[in-house]
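The values are calculated or read from the model by the stated rules, or taken from the named source; none is laboratory data. All figures in this text were calculated on a predicted structure; none of them were measured in a lab. Quick reminder, even Gly has a Cβ in these numbers, built from the backbone with ideal geometry, and neighbours come from all protein chains shown. Just so you know, the surface numbers come from the protein's heavy atoms only, side chains and all, with ligands and any DNA or RNA stripped out. Shrake-Rupley method; radii C 1.70, N 1.55, O 1.52, S 1.80 Å.
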Amino acid sequence: MSSRPETPRSAHRHAPGAHPVLPGLPEAVEVFDTTLRDGSQQEGLSLSVDDKLRVAEQLDHLGVSYIEGGWPGANPKDEEFFARAQKELRLSHATLVAFGSTRRAGVRAEEDEVLRHLVAAGTEAVCIVAKASLLHVTEALRTTPDEALAMVESSVAFLRRQGLRVFLDAEHFFDGYREDPAFSRQVLEVAARAGAETLVLCDTNGGSLPHEVEQAVAEVVAEFDRRIGVHCHNDTGCAVANSLAAVRAGATHVQGCVNGYGERAGNADLAVAIPNLSLKLGVRTIPAERLERLTPVAHHIAEIVNVPPNPQQPYVGHAAFAHKAGLHTSAIARRRDAYEHISPDAVGNGTRFVVSELAGRSTVALKAAELGLDLSSEEVGRALELLKDLEHQGYHFEVADASLELLLRQVGGWRPRYFELESYRVIADHGGNGHRAAADGRPVLTEATVKLTVGGERRIATAEGNGPVHALDGALRRAIEPFYPALRQVHLTDFRVRVLGGGAGTAAVTRVLVDTADPEATWTTIGVSENIIEASWQALVDAVVYGLLRAGVAPATGPDVLPTGTATPTAETAAAAAGATAEEVRVP
């Protein structure tokens, strides 16, 4: 085994000696990701074979030791995955592992279908699950303790004779160890005797606490000369803490899922466990030069599995290094480690300054600098006052960075005249007899008309949609897209509405958030009004203007700077009415 690498002190900013020396810490730990098998059991998470291959590629890119691909023979999807993996998956670092169970009770290992599928999967390593709790042997398997032990030993021995490396997942180990430690140890003994190279202690119900895991693992490590691993579920919110406790006690193999996917409360989150082990404890996990891939890989996998990332996820979340309060940001401007426990770059993340009504001048100044805007001290003060006033009205700029950037640009005197709005109108046609939409099978249609000036032309455009935002978006695009072809790459992806101050009923102020994307990025814009359509228009126009700004498109008409005046929360709502000399064009 190679020598232990130097602990990256540049990432872990505590002073040397700040932590006590931890006994028994191993030099390195194997990282075993089970997203493609255990993680896919999460409610609402479904992976195609193509998805599984892409996730495996990302995990290999990250540098994990093992990727559990699924259960061959359990379903056609996993059968196809392992067949395609042999031809299509080119792993440069990780080892692909097939998962299964021990032979069935009363069946010879050589004749067991599950074991036969494991051998046929074409992987060099397999992981089989065995009951390590006497309660589950008698109540779930409904067999005898002797037969349960024979199932483990003969299955491991058979797989070893086929030339396979074998990991044993001792299911319900910690529960069983508390109830009948002798039987749980016997399961490990027969597996080790038959040739299993790693004994994985599973907290299957996720109910153990760190001190319990640490004690049990320490006792097992002292007794067995095999590699000991853990697989912790998160039902008590302690899956990562339990994994760290196990490593502290001598475990050198940690299973889990990037982003903590899994049934119920999920598995140990490897996106958190890996940096805790490597950056905090100095235990080697993935190659040191790949730690900075952690955030992009976690987000890429979230995109593949179609589960929105948790912004508060430690280390890799969008908000993990975001600073909102003015006191914090003024301090972090002078010294980053004042409010950041590691350098965000170490895990591929970055510092963000969130601007809200809690912000101070330093927050606004740092945010402007982050956006590449050079605001004077007076403009920073004006932006801060405007920001606080708008947030009081219901705007929430910390979740709408695109609208915030447009606001700061306006304060600096920049307001693009991509078009000048004259008016818009929205009509909804129910078309049915009942009080519910499409009660008689006829859809509810919405028609929007916009009148504006662009490129010296007064244009009138109408579009239909399945709602006011859809219709307005269509009409606006129909009017201006001939002048700005870049809009064809800009698409609305999400629309969210929140009623503020619900006591006002239907007269309450409404906040609308619109998510928009081009091929490279996604951004969020905001609108607030007592009229939901006006709030939607504000957010929609900001989204279009920001998309054009990102594309580097110049306004088709007019100077780039309008006369100074009161800044508005959107880029276009202050635009003057169209000039009488403009040529009128009705868009069909």
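A simple spin-label model places pseudo-atoms 7 Å from Cα toward Cβ; at Leu209 and Arg160 they are separated by 3.8 nm. Approximating the spin labels as points 7 Å out from Cα along Cα→Cβ, the Glu88-to-Val399 distance works out to 3.7 nm. Over all distinct Cα-Cα pairs of segment 53-139, the Kirkwood formula returns a hydrodynamic radius of 14.0 Å. The solvent-accessible area of Lys451, taken with every protein chain present and a 1.4 Å probe, is close to 70 Å².
May I ask you to list the residues of segment 465-503 whose amide nitrogen lies under 14 Å from a point 7 Å from Cα along the Cα→beta-carbon direction of Ile427? The answer is 465, whose backbone nitrogens lie closer than 14 Å to the label point. Here Val364 sits with roughly 0 square angstrom of accessible surface, probe radius 1.4 Å. With the gyration tensor restricted to C-alpha atoms of segment 68-196, the semi-axes of the equivalent ellipsoid amount to 27, 14, 13 Å, longest first.
Remark: segment 139-154, residue by residue, has Karplus-estimated 3J(HN,Hα) of 9, 8, 6, 6, 9, 8, x, 5, 5, 4, 5, 5, 4, 5, 5, 5 Hz, where x stands for each Gly or Pro and the curve is 6.51 cos²θ - 1.76 cosθ + 1.60 at θ = phi - 60°.
Evaluating 6.51 cos²θ - 1.76 cosθ + 1.60 at θ = phi - 60° for every residue in segment 167-183, the Karplus couplings come out as 9, 10, 8, 7, 5, 6, 4, 5, 5, x, 5, 6, 7, 8, x, 4, 5 Hz, glycine and proline recorded as x. Residues whose amide H falls under 5 Å from that of Cys202, counting only those 5 or more places apart or on a different chain, are Ala170, His172, Phe173, Phe174, His231, with hydrogens built in the peptide plane.
In the complete set of protein chains, residue-level accessible area for Phe495 is approximately 80 Å², probe 1.4 angstrom. The H on the amide N of Arg284, modeled in the peptide plane, is under 5 Å from the matching H of Ala28, Val29, each at least 5 residues off or on a different chain.
Taking a straight line from the alpha carbon of Lys280, these aspartates and glutamates sit under 17 Å away, with near neighbours fewer than eight places off in the same chain left out: Glu6, Glu27, Glu30, Asp269, Glu289, Glu292, Asp337, Glu340, Asp345.
Cross-link partners of Lys77 among aspartates and glutamates, defined as those whose alpha carbon lies under 13 angstrom from its own and excluding same-chain residues fewer than eight positions apart: Asp50, Asp51.
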